[in-house]
């Protein structure tokens, strides 16, 4: 599998009146060709900031990429000029936003909005672009595409609007599609349709997808690999099976235990205590330590490096250090290990 | 079940908007159900199915178009004196979906919480009022110092706790929670749900829990009602509804929830629901029928025979 995108040691800060907010603190990951990488984490963990940095959509007035590189196609995206970036955005890498109500222009017909990137990036004539736009509308499953082409966003339902946004994102057959919570604003039944559509289209046009969400059910449905973010860092990354059936980081344990599955019958749900870290003054040591019942002394002093669990699975927790005491993970995690025979004997 | 007392009876409740105009909306179209004392009834369905309208109509934020809501045997709707209304508001409270929009940004937390007590005259002196506020803050897991702050100083989860404290301030018996956790992060959702469960045990509260996150609803509810286009299509004990859904819409809804379990996700088969599939004839009466004890399904006579098998 070849890497299509590589993010190395990314550090991003926002300058605010209160001081410097270190939103991203050393993020490393790569995206393989044709795969779906899900990024999960709570609000403020830095998932959206990371992807906005890839698209170079962060406001220049108050944000700063302090360090690191984003390698795509041999180029470092952090070094490109705005003009060069315009040639990539929407063509090579495109994005689907969370809220289809606000990401479409209400004063433009849907057709025009789909034609826009086609005309801009592919130098097509207007009539050819129109043909392509209608094709795209059909591709994303909108019936009566010719008539729908002339309509405005307010004439579409939420799920249909998200399909239009997907059509725009796919207009130039991008190599990478970034989906920032594309189904959070939708109903479960519509969500299932959109997820099916995205998986189907991925097979057809062979794009790689970065999928941001906080819904672990959605992750299990779409992802090949999963990165878990906390406090501006990736604290665990691995294949979807490794993260769901053999998680290593106490935060991942907490996330997985706090979601009731349909047969949870316990009296009380596991709740991660406390609240997310203040990135204005990031804590010394592991950012999760104050909320971590498994925290050791070293967690408060030194940030853990990424420990290797398998070739594809890495986690940043001192518990994986050879000298660390063996701890018993929460019951829900043990139950999950037993569900998957491969991890049972560990 | 039989020994349980009915706290709330909803009889053929209807809530139409824009009546008589071309854009008439039948948001709630003749639904009936009971809520027993001390239970949690979950109400689920897609957006626009009328679940929030049902909650809001029960608590009389809207005047019902038709039907009645009997609380302890007394109708909530219809002409009421100020005194009667006050007594309903005293017993019924609501927790809203959006913890950012439901707290007045210009009021201190202590005033937000105590507003209901002031209206109902529950605190005789200033000191008593503040002591009650402190007590409530501690009940919901915040502390005294928070009383003098303003809502913008709190995170989403903390604000929802303030919303819960406000609802508890008048010592209600029945709380309508309209998507209380939808706007919160996963790790915070569990905290709020645990808090609601704890309070229910301590104070013997009855909840109507409206949500679209079905796994959380199943976890918190004793019974669950499923709504589709203003109608209640199925009502059953939580366990029964998930293990043995009868109505095709319920089946399609359940088949659409992604579970945090990659193995089962890979073999997921989604069912689609098309209301035309029932093919109801004009002379058939479609109503809620009891297919097994406590399990009601909206169906025709013919379907009823099938479901009963």
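A short reminder: the numbers here are calculations on the coordinates, not readings from a lab. Everything numeric here is computed off the predicted structure, so don't read it as measured data. Don't worry about glycine lacking a Cβ; one is built from the backbone with ideal geometry, like all the others, and counts go over all protein chains shown.
General remarks:
- Taking A:305, A:100, A:153 in turn, the Gaussian network model of chain A (Cα-Cα springs below 10 Å) assigns the largest fluctuation to A:305.
- Degrees separating the helix B:109-120 axis from the principal Cα axis of chain B, which is the longest one: 80 degrees
- Just checking the listed ones, B:219, B:242, B:207: in the Gaussian network model of chain B with Cα springs under 10 Å, the one fluctuating most is B:219.
- Per-residue ellipticity at 222 nm from helix content only, as computed over chain B with -39500 (n - 2.57) for each DSSP H run of at least four residues, stands at -10500 deg cm²/dmol.
- Counts of other chain beta carbons within 10 angstrom of each beta carbon in peptide B:191-198 average 3.
- Relative to the globular-protein estimate of 2.2 N^0.38 Å, the Cα radius of gyration of the stretch B:170-276 stands at 1.19.
- Spatial separation of Cα centroids for the stretch B:156-229 and the stretch A:285-305, in angstrom: 32 Å
- Alpha-carbon centroids, the stretch B:69-120 and the stretch B:5-49: separation in whole Å: 19 Å
- Tail weight of P(r) past 24 Å, computed on alpha-carbon pairs of the stretch B:134-229, percent: 22 percent
- Kirkwood hydrodynamic radius over Cα pairs of the protein assembly as shown, then Stokes diffusion coefficient at 4 °C and 1.567 mPa s, in µm²/s: 48 µm²/s
- Principal-axis tilt of helix B:126-139 within chain B, Cα atoms, nearest 10 degrees: 50 degrees
- Principal-axis tilt of helix A:158-170 within chain A, Cα atoms, nearest 10 degrees: 80 degrees
- Estimated purely from DSSP H runs of n ≥ 4, each contributing -39500 (n - 2.57), the mean residue ellipticity at 222 nm for chain A is -9500 deg cm²/dmol once divided by its residues.
- Rounded to 5, the percent of DSSP beta bridges in chain A classed as antiparallel: 65 percent
- Taking B:196, B:277, B:92 as the candidate residues, the one with maximal mean-square fluctuation in a Gaussian network model of chain B, Cα springs under 10 Å, is B:277.
- Peptide A:227-233 shows a mean partner chain C-beta count of 0 within 10 Å per residue C-beta.
- Length-normalised contact order of the stretch A:98-253 in % [C-alpha pairs under 8 Å, at least 6 apart]: 20 percent
- Taking 0.36 nm per residue of separation and subtracting the Cα-Cα distance, full extension of the segment from residue A:280 to residue A:125 would add 50.8 nm.
- Listed peptides A:89-96, A:28-35 appear in the order A:89-96, A:28-35 once ranked by packing, highest mean of other Cβ atoms within 10 Å at the front.
- Counting only other chain Cβ atoms within 10 Å of each residue's Cβ, the peptide B:216-223 averages 3.
- A simple packing score, the average count of other Cβ atoms within 10 Å per residue, orders the peptides A:10-20, B:34-44 as B:34-44, A:10-20, with the highest score first.
- Euclidean distance between Cα centres, the stretch B:243-283 to the stretch A:157-181, Å: 26 Å
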